[in-house]
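Remarks on the structure that follows.
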Amino acid sequence: MAESLLYILGILLVAIGVGFSIGWHELGHLIPAKLFGVKVPKYMIGFGPTVFSKKFGETEYGVKLIPLGGYITMIGMYPPAKPGAEVKKGFFRDMVTAARDAHSQYVEPGDENRKFYQLPVWKRIVIMFGGPFMNLVLGTMLLLVTLSGIGVAQTSTKVAKVEPCVSISATATCSATDPASPAKLAGLQAGDRITAINGIHVDTWGSSSALLKAGVANQIKVVSSTGAARTLSVTPVLAQRPVIENGAVKLDANSKPIYVLKPVIGIELASETRPLSVGETLASAGASVAQVGQMLFHLPEQVASVGQSTFGNGRRNANGPVSVVGIGEIAGQVASNSQATLMQKVQSELGILASLNFALFAFNLLPLLPLDGGHVAGAIYEAIKKGIFKLRRKPNPGPADTARLMPLTWVVFIVMMAISAMIIVADIVNPISL
């Protein structure tokens with residue numbers, strides 16, 4: 001019963017975090033839009049029917065039923081058709097016209113010069129980039145709390161156990177032909193903390209293991225649990241061990257651990273929580289964004305993999321795309337994990353939200369309409385075009401008519417909805433297991 005309640009609580013907490021992340025994103029658009037004088041009639045979290053709304057000034061703030069995104073309404077998102085342009089009838093032409101006329105009902109006397117398309121290019125870029133930027137800021141702040149505030153559990157330099165022998169292969173147990181533990185032969189004991197290897201001071205085992213040299217005597221300085229310091233001569237042996245990357249075992253394309261030969265001395269090290277420096281956390285944030293970018297670059301393959309694992313017999317890739325439903329499922333698993341401490345659960349939940357915000361940052365910057373990156377790309381195209389016209393001493397061509405891309409915008413939207421629907425189904429019938 002308690003486990004089920006914790007599972008539900010984990011989902012609810014992350015759901016609130018997702019809603020906040022969406023609202024925070026939209027604030028990134030709202031604040032600069034208002035500062036630049038654009039009229040913003042609506043600020044909404046979610047889509048579909050309105051659950052709650054309240055009007056303050058000229059803007060209605062509200063929450064809608066389907067929490068799969070959010071939006072702000074700005075008048076004049078698209079410029080009007082150029083004077084003298086030929087008017088043709090047809091489905092696509094009507095679509096373009098509807099985009100130009102959208103939100104025109106909110107234009108009142110005095111609003112004629114408060115339209116989005118009338119702003120200078122740089123102001124439009126600031127408004128559209130503001131949303132993703134807010135997600136980047138929030139993700140980084142959450143990561144600072146989890147990694148620099150709480151810290152990360154990592155292998156320390158304190159010896160928890162000295163093994164009697166060393167398994168040369170990837171198996172966990174020793175065979176009769178495996179050598180005795182170099183650490184035991186040298187007199188290393190449980191409770192000793194390794195402070196230096198071959199004259200180089202060490203604080204973490206990640207840096208320590210790289211200093212070991214196989215087949216030769218290594219001078220290892222240790223401090224015992226009583227504070228006594230001594231130097232031991234230890235000769236490591238080469239053995240198959242998994243590759244550790246970002247605190248986890250690195251897997252190959254078939255989700256199997258990757259093994260390499262490493263110098264081993266035959267000890268089991270204690271785990272301890274160590275706060276990362278701000279620089280280390282910022283580097284981790286950059287790596288997370290880069291990882292999301294790489295996933296987006298290979299999105300067709302990733303989506304195909306999700307479909308194959310869901311409708312075939314494969315296993316979901318834990319590093320593949322996941323929907324809001326999947327995020328809730330993972331959050332529930334974390335919250336109900338009886339093996340984790342409360343602090344570890346809090347850290348994991350905040351880490352999930354940080355990853356979500358990095359994903360929102362990278363995804364929304366894709367140069368495709370209706371995403372923010374599409375509007376940024378349109379503004380950059382306009383700036384380049386105006387620059388070329390100016391160099392050639394031609395009249396100002398005016399704002400880029402991105403409304404003409406509405407048919408393509410709808411294609412992108414439909415594809416996005418189809419992918420989202422498939423991933424949601426996958427998260428329901430074939431969820432990622434931690």
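Filter the trypsin sites (Lys or Arg not before Pro) in the range 10-82 to those in DSSP coil with at most 11 other Cβ atoms within 10 Å of their Cβ, and list the result. Numbers along the way, then the final one.
Numbers: sites: Lys34, Lys39, Lys42, Lys54, Lys55, Lys64; in loops: Lys39.
Here no loop site has a sparse enough neighbourhood.
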If a helix is a whole DSSP H run, which ones in the chain reach 24 Å or further along their own axis (Cα) and hold a mean Kyte-Doolittle hydropathy of at least 0.0? 2-35, 121-143, 278-297, 342-364, 372-391, 406-429
Holding the Cα-Cα limit at 25 Å, pick out from Lys213/Lys250; Lys82/Lys386; Lys221/Lys345 the pairs that are longer than that. Lys221/Lys345
Yeah, the range 167-286 with a ≥ b ≥ c from its alpha-carbon gyration tensor (a/c under 1.5 is rounded, else prolate when a/b outruns b/c, oblate otherwise) is oblate
Within the range 260-357, report the trypsin sites (Lys or Arg not before Pro) that DSSP leaves as loop and that have at most 16 other Cβ atoms within 10 Å. Arg315
Helix-only [θ] at 222 nm, the chain, -39500 (n - 2.57) per DSSP H run of 4+, per residue, nearest 500, equals -14500 deg cm²/dmol
Express the carbon and sulfur contribution to the solvent-accessible surface of the range 251-349 as a percent, rounded to the nearest whole number, probe 1.4 angstrom. 56
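Averaged per residue, what accessible surface does the chain expose to a 1.4 Å probe, in Å²?
Values: 24100 Å² over 434 residues.
I get 56 Å² per residue for this part.
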For a quick check of understanding: with a 1.4 angstrom probe and all protein chains in place, what accessible area in square angstrom does Val96 have, to the nearest ten? 10
Name the residue, out of Pro395, Pro164, Pro407, whose mean-square fluctuation peaks in a Gaussian network model built on the chain with Cα pairs under 10 Å. Pro395
Unit Cα scatterers, Debye sum, the chain: log10 I(q)/I(0) for q = 0.14 Å⁻¹: -1.33
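If exposed means no more than 14 neighbouring beta carbons inside 10 Å and the site is in a DSSP loop, what's the longest run of the chain without any exposed GluC sites (Glu not before Pro)? Please list the in-between numbers first.
On the way: sites that count: Glu58, Glu86, Glu112.
Longest run free of exposed loop sites: 113-434.
The values are calculated or read from the model by the stated rules, or taken from the named source; none is laboratory data. Model, not experiment: these values are computed from the prediction. For neighbour counting, all protein chains shown are included, and Cβ atoms are generated from backbone atoms with ideal geometry for every residue, glycine included. Heads up: the accessible areas ignore ligands, DNA and RNA and are worked out on the full protein's heavy atoms, side chains in. Shrake-Rupley method; radii C 1.70, N 1.55, O 1.52, S 1.80 Å.
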